[in-house]
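Below: the structure, in structure tokens.
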Amino acid sequence: MFTKLKIFLEMIKFEHSVFALPFAFMGAILGSVVLKGHLPSWAQIGWITLAMVGARTAAMALNRVIDKAIDKKNPRTENRAIPAGLISIPQVIIYIIISFALLFWATSNLSSLSMKLLPIAVFFLVFYSYTKRFTWTCHFVLGLTLGLAPLGGWIAVTGEFTWASIIFYLTVVCWSAGFDLIYACQDAEFDRNEGLHSLPSRFGIKAALNTARVLHVLTAVGLVTLFFITHLSWFYLVGLVIAYFILYKEHRLVSPQDLSKLNTAFFTMNGVLSLVMFAFTLLDVLVREYL
């Protein structure tokens, strides 16, 4: 059982939870401090963590099941657990059911608005995996899905929308779509040959990287806008400067002629960025609250 669990966690790249989870915490912290005047409770943070783990695990496992035939054809993904025969479809489905149950259970312990909006979140978690079959805008659908992390964290503790939460959502949408465009460049030729849809396969790698740069400029604008509308201080600004450098460095690592450092640009840089923004936001709030 433990061997299968290890295979499953490797298959869904559980460590990539570092992308969205810090932004979910950041949304919860900002929403609670801005609207409630205090930090979220440990119980709220715990339920948000369980909801995020359930949501991401279910989404990634579904993606692996839905894409199993595609993964088997792609030299880059042919050794994934399902096409390699390391884990069966029924076993993965059991994990998917458990993950969705965890998501529903955790969400039921958060705000009532969270439960009302849960069907929308589940729709995007499932729908994204099918989009590459019919539209090159699939990267933006992924962005709309991952952007639910900070918005979900915000709504979980406040039970309401605000302009700040919407701006934060759109900021993470742009960030996510941007790094997915970079990641998709490695499969541009395969997607084109298999009739799959992506911006790199439709318009070329250069256009994809340029679009990613524009999206990350919008990300930078969104993050600095949060500074002004949530009344954060210079600790947040320090994190912002580091995040801007990370985004700059990310785009320096890849070019249409050289994608050899793509994994560093995709995983390392974006994982560090989300952790940096969360850490400096938390520091900013803690200093304001307790010093």
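Figures for the structure shown
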quantity	calculated
Candidate set from the stretch 1-39 (those that are farther than 24 Å from residue 178 by Cβ and among the aromatic types (Phe, Trp, Tyr)); member that is least open to solvent (accessible area, probe 1.4 Å)	8
Qualifying residue in the stretch 191-210 (condition: farther than 23 Å from residue 18 by Cβ and acidic (Asp, Glu))	yes
Of the criteria (1) at pLDDT 95 or above; (2) closer than 21 Å to residue 165 by Cβ; (3) among the polar types (S, T, N, Q), which one residue 230 fails	(1)
Criterion: at positive phi and in contact with a Ser or Thr (Cβ under 9 Å, 6 or more places away or on another chain) - qualifying residue of 159, 147	159
Unmet requirement for residue 174, which otherwise passes all of (1) at pLDDT below 95; (2) under 28 Å from residue 118 (Cβ atoms); (3) open to solvent by 10 Å² or more (accessible area, probe 1.4 Å); (4) of a type outside the set (A, V, I, L, M)	(1)
Residue match in the stretch 258-265 (condition: at pLDDT below 90, closer than 19 Å to residue 174 by Cβ and of a type in the set (A, V, I, L, M))	yes
Qualifying position, being farther than 26 Å from residue 169 by Cβ, of a type in the set (A, V, I, L, M, F, W, C) and touching a helix residue (DSSP H, G or I) at 6+ places or on another chain (Cβ under 8 Å), among 66, 45, 29, 87	87
Residue 82 more than 30 Å from residue 260 (Cβ to Cβ), touching a helix residue (DSSP H, G or I) at 6+ places or on another chain (Cβ under 7 Å), open to solvent by less than 60 Å² (accessible area, probe 1.4 Å) and not in a helix (DSSP H, G or I)	no
Selected residue [assigned to a helix (DSSP H, G or I), modelled with pLDDT under 95 and surrounded by 21 or more Cβ atoms within 10 Å (Cβ to Cβ)] from 61, 51, 106, 69	61
Per-region count, the stretch 133-162, residues within 17 Å of the chain's Cα centre (by Cα), without any contact (Cβ under 8 Å) to a residue 60 or more places away in the chain and in a loop (DSSP other than H, G, I, E, B)	1
Those residues of the stretch 127-151 which are buried (at least 17 other Cβ atoms within 10 Å of the Cβ) and under 21 Å from residue 69 (Cα atoms), in sequence order	128, 129, 131, 132, 136, 138, 139, 142
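Rundown of residues vs (1) under 18 Å from residue 181 (Cβ atoms); (2) open to solvent by 70 Å² or more (accessible area, probe 1.4 Å), yes/no style:
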position: 212; (1), (2): yes, no
position: 219; (1), (2): yes, no
position: 228; (1), (2): no, yes
position: 236; (1), (2): no, no
position: 243; (1), (2): no, no
position: 272; (1), (2): no, no
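The values are calculated or read from the model by the stated rules, or taken from the named source; none is laboratory data. All figures in this text were calculated on a predicted structure; none of them were measured in a lab. Backbone-built Cβ (ideal geometry, glycine too); neighbour counts: all protein chains shown. For accessibility, only protein heavy atoms count, side chains too; no ligands or nucleic acids. Shrake-Rupley method; radii C 1.70, N 1.55, O 1.52, S 1.80 Å.
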